[in-house]
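Okay, so here's the structure we're looking at.
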Amino acid sequence: MSSTEQGTSSAAPAEPTTAPESAAAPEVPESFYYVHGKDKVVHKVSAGALQHSALIHGMISNLGYTEEQAKANPFPFENIDGDILQMVVDWCNQHKGKPTPPEDTNLPKQKEKLFDLVLAVNYLEIKELLTYCCKQVAMMVKGKSPEEIREIWMIPTDAEDEAAEKEAKKRAGKEAAGETAAAAGDAK
Amino acid sequence: MLWFFVCWFTIAIVISLVYSQIGYLFCVLYSPQARFPLLKLDYVAIREVLSTLDPHDYINFLKVSKSCRRLSTIKKHSKARLIFKNFPRIIIGNGPGKYYVMWAQKVDTRAPCKQQGCIKCSQNCLNDMKKFYQDVRSVMGVEIGSVVLHMDDFQGRCSEIVSWFRSISQEVVDLSIYGKNPRHGDIQYLLDNLKCRDRLRIDVNTIEQLPFKIPESINTLFIIQGSWITLDYVMSLKISRMSFRNTYLTNQDINAFYKSWIEMESHQNLECFEINLINPANFVAVALRDIPYKTGTPIPKLFPDYAAIRGSFEVTRKDGQEASIVVFDLPEGAVASIYPWLPLINTEPIDRQ
């Protein structure tokens, strides 16, 4: 377990001055869910933190996933690397129930990590974190020339695009011819 | 023997140099930290990145390749506001997402470009601004929303601006003209040649103080320096929303206008008529003379910035159309507004648009 939320409850105590009857009511313990990435390491995350992810929130509310079911079967995200999922979980925990600040300086500076993080965040539908990450991606090309942008964002030239398109067409043609030959063989 | 060592040493140095260069090139070109494969991201993420780019970077991105230009359709563009003044500028977008580019002959290059804007150093600011807008228009498809002309900064270059403008756009939705002492002929030239479709704001003190021929196509007219405005001039206008300041129209003139509207002799499509008051103290006695009215309370928060001096006067036109007349206390003085009760009226005050 790599969560920072283990065993704690963040349910806010009722204010006695405004709602004395609710002060006597027992505190509702916060529920936790479990997720794992490609490395199968399970992360324990509170329901409050998971509110950031529209995907997981939808799974919980639409599929009626209970905490017990979740414990037995953690949400599998096989397409997300363990360290990236850890980053996402940490971010969700840090921003649980808080208004999101206009800038987030804790995002990874390495472009490879940032790429994987954008993919994961987009998949998990965490809008605020996606906005931060995309701002950082946009800042990579601030004040750069078209040629520099091509280099940084690995954009193929028109000639490369055309060559790739021709190659794809050739491959598709070969595959179609192969299928026709196979079908003719079967008919014989 | 010595010769053998020299050869061996030289070969070793050459090999090490070649390997170090190869290693350096590999690091620069293929290091995962150096590059980011943007186009391999999901469509939603690419759109988010592109919407964060400022117009300069966005234009450069679109210049990279055809596939980038195809992506331009996923970003929505708002209209541009072109401000022709000493330091010309273009503002793209509205609200928090708006971005400006300004041109000046001297710029402190050490000052970083702000997130929401940029100042460019140029020896020919006007030409560079025009070129930038043409770039923005051709690659981003941003159309002109409004034009602001400060005439004092462009004496003698009116025809140049107009001919450039006419070469790129058929009409202006919103046109504002400012100036302290421009020639009447220059302003009239602008009004005749820049086709304004909706809103026209004129804040000029011409040397000649002559009336302007206003295009009838517009819906909203706001004249701030209106010392030359006469009752006949107001009666001749066929515009649904009018606002005048610094006129010498008397309360008798205003009374004549109101009576003309009530009798349906003019301005049947009126949505708002706003005029400064020279003598607010006798407004009720003179401007509302012989006009039947009921007193009411001004519609709360109709014009949030306007403070009503007293309650409203509800009047009724011959055909039953009702209207409110309200006197407001503004920083520049008292103004009287008449606005018919129209179901879909734009209740925004004219000078606040």
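The values are calculated or read from the model by the stated rules, or taken from the named source; none is laboratory data. All of these numbers come straight from a predicted model, not from anything done at the bench. Using ideal geometry, Cβ is built from the backbone for each residue, glycine included, and neighbour counts are taken over all protein chains shown. The area values use the complete protein model at the heavy-atom level, side chains included, leaving out ligands, DNA and RNA. Shrake-Rupley method; radii C 1.70, N 1.55, O 1.52, S 1.80 Å.
Sort out which residues of segment A:151-163 are surrounded by 10 or more Cβ atoms within 10 Å (Cβ to Cβ) and either facing chain B (nearest Cβ under 9 Å) or within 20 Å of B:L62 (Cα to Cα) (or both), and write them in order of number.
Result: A:E151, A:I152, A:W153, A:M154, A:I155, A:P156, A:T157, A:D158, A:E160, A:D161, A:E162.
Considering only residues that are modelled with pLDDT under 85, facing another protein chain (nearest Cβ under 7 Å) and under 35 Å from the mean Cα position of the chain (by Cα), which ones fall in segment B:28-52?
The one that is modelled with pLDDT under 85, facing another protein chain (nearest Cβ under 7 Å) and under 35 Å from the mean Cα position of the chain (by Cα): B:T52.
Considering every residue within segment A:90-110, establish whether at least one is open to solvent by 40 Å² or more (accessible area, probe 1.4 Å), modelled with pLDDT under 85, within 12 Å of chain B (Cβ to nearest Cβ) and farther than 26 Å from A:V42 by Cα.
yes
Can you confirm whether segment B:271-291 contains a residue that is more than 28 Å from B:V204 (Cα to Cα) and within 31 Å of the chain's Cα centre (by Cα)?
no
Quickly run through segment B:57-73 and pick out the residues that are more than 9 Å from chain A (Cβ to nearest Cβ) and either closer than 23 Å to A:A163 by Cα or loosely packed, with under 15 Cβ neighbours inside 10 Å (or both).
Passing the criteria: B:R69, B:R70, B:L71, B:S72, B:T73.
Take B:K318 and decide whether it is part of a loop (DSSP other than H, G, I, E, B), farther than 17 Å from B:R201 by Cα, open to solvent by 10 Å² or more (accessible area, probe 1.4 Å) and touching a residue at least 12 places away in the same chain (Cβ under 8 Å).
yes
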